[in-house]
Amino acid sequence: MEAEIEWVKQLRIQIRQRVDPWVVLEGRHAVEGALGGWWDVAGVLAGEECTWDPPQWSGLELLRRPRTELEELAGYAFHRGVIGLAKQPEDTGDVAALMGELGPEAMVVVCPRLTDAANAGAIIRNAAALGAEAVIFGHEGVSPFERKAVRSSAGALFRIPVKVADAGQILRCLKAGGFSLAATTGDKRATDLATYDPPEGRLAVVIGSEADGLGQFWMTACDDHIRIPMASVMDSMNAAAASAVTLWEIRRVREERQ
């Protein structure tokens, strides 16, 4: 029997339980995004009936396998055509370097302790769509490189910088980088988003966990506290939905100033 290729062995391991620096790529858009972002893609498997091929410039060899084998590997009725394995960029944890790359009016999203991977991916997607220049996650929360997060980011993970670091490092870098911090909260004492006047210059929108919010550390560290007004008996929103509403409104106000 032919020995299994080493990266395929590693892919099987990472599908069961992913660990850094590995990232599982599901679907051709994820693979193309990783290649376009110059990530190190170890390899890609495709179904025998799949007509997709990697870009010639990538030098990537595609291994074709029966759909049943891919479904067994992925753990579900696989319909995305391709599944691959990549490594995160080496600078994933370098928040300090990111500060030097951002513009004077940069807006970033900070998720110190998010717990839901699907929300993590959706927030990255919202950030890319609504003008944020980067998303920073805390070690306390879910990794943005989990399979569900990569899928729900719809390729945005590879389009803007995504960093992961501990809370203290994130806060120090933001303060040293001249960022104002705006905490999103359901507290009725917070400033209504509809009347919020975002400060000039760099701004970090800080989003809390789905169940416990931001906690005292981040609430104390933030310069502003803002809330989305609710028109019903509900007092909170899904974290990803809240990020979309908040980023859209802040971008609208900033653009009107110009």
0 to 90° range, to nearest 10: angle between helix 6-16 axis and the chain longest Cα axis
50 degrees
Using a 1.4 Å probe on the protein chains only, how many percent of the accessible area of the chain belongs to carbon and sulfur?
50 percent
Considering only segment 72-180, percent of DSSP beta bridges that pair antiparallel, nearest 5
0 percent
Whole-Å semi-axes of the ellipsoid equivalent to segment 138-258 (Cα gyration tensor, √5λ, descending):
22, 18, 17
Calculate how steeply helix 239-257 sits against the longest principal axis of the alpha-carbon atoms of the chain, using the helix alpha-carbon long axis, and give the answer as 0 to 90 degrees to the nearest 10.
60 degrees
Long-range alpha-carbon pairs in segment 173-244, meaning those over 13 Å apart, account in percent for 65 percent
Nearest-0.05 FRET efficiency for M219 and R67 at R0 = 51 Å, using Cβ-Cβ distance, is 0.55
Ranked highest first by the average count of other Cβ atoms within 10 Å around their residues, in what order do 184-190, 119-125 fall?
119-125, 184-190
Averaging over all projection directions, find the projected area of the Cα convex hull of segment 134-173 and quote it in nm² with one decimal place.
2.7 nm²
For the chain, the count of lysine pairs 8 or more apart or interchain whose alpha-carbon atoms are under 29 Å apart comes to 8
Express the accessible area of segment 1-95 per residue in Å², computed with a 1.4 Å probe while the remaining protein chains stay in the model.
57 Å²
For a quick size check, give me the Cα extents of segment 17-127 along its three principal axes, largest first, whole Å.
50, 34, 23
Please give the helix 117-129 orientation as an angle from the longest Cα principal axis of the chain, in degrees from 0 to 90, rounded to the nearest 10.
70 degrees
Using r as the Cβ-Cβ distance of R251 and H29, and R0 as 22 Å, what FRET efficiency do you calculate, to the nearest 0.05?
0.30
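The values are calculated or read from the model by the stated rules, or taken from the named source; none is laboratory data. Note that the structure is a prediction, hence the values are computed from the model and not measured. We place every Cβ from the backbone using ideal geometry, glycine too, and count neighbours over all the protein chains shown. Quick note on the areas: whole protein, heavy atoms, side chains included, nothing else; ligands and nucleic acids left out. Shrake-Rupley method; radii C 1.70, N 1.55, O 1.52, S 1.80 Å.
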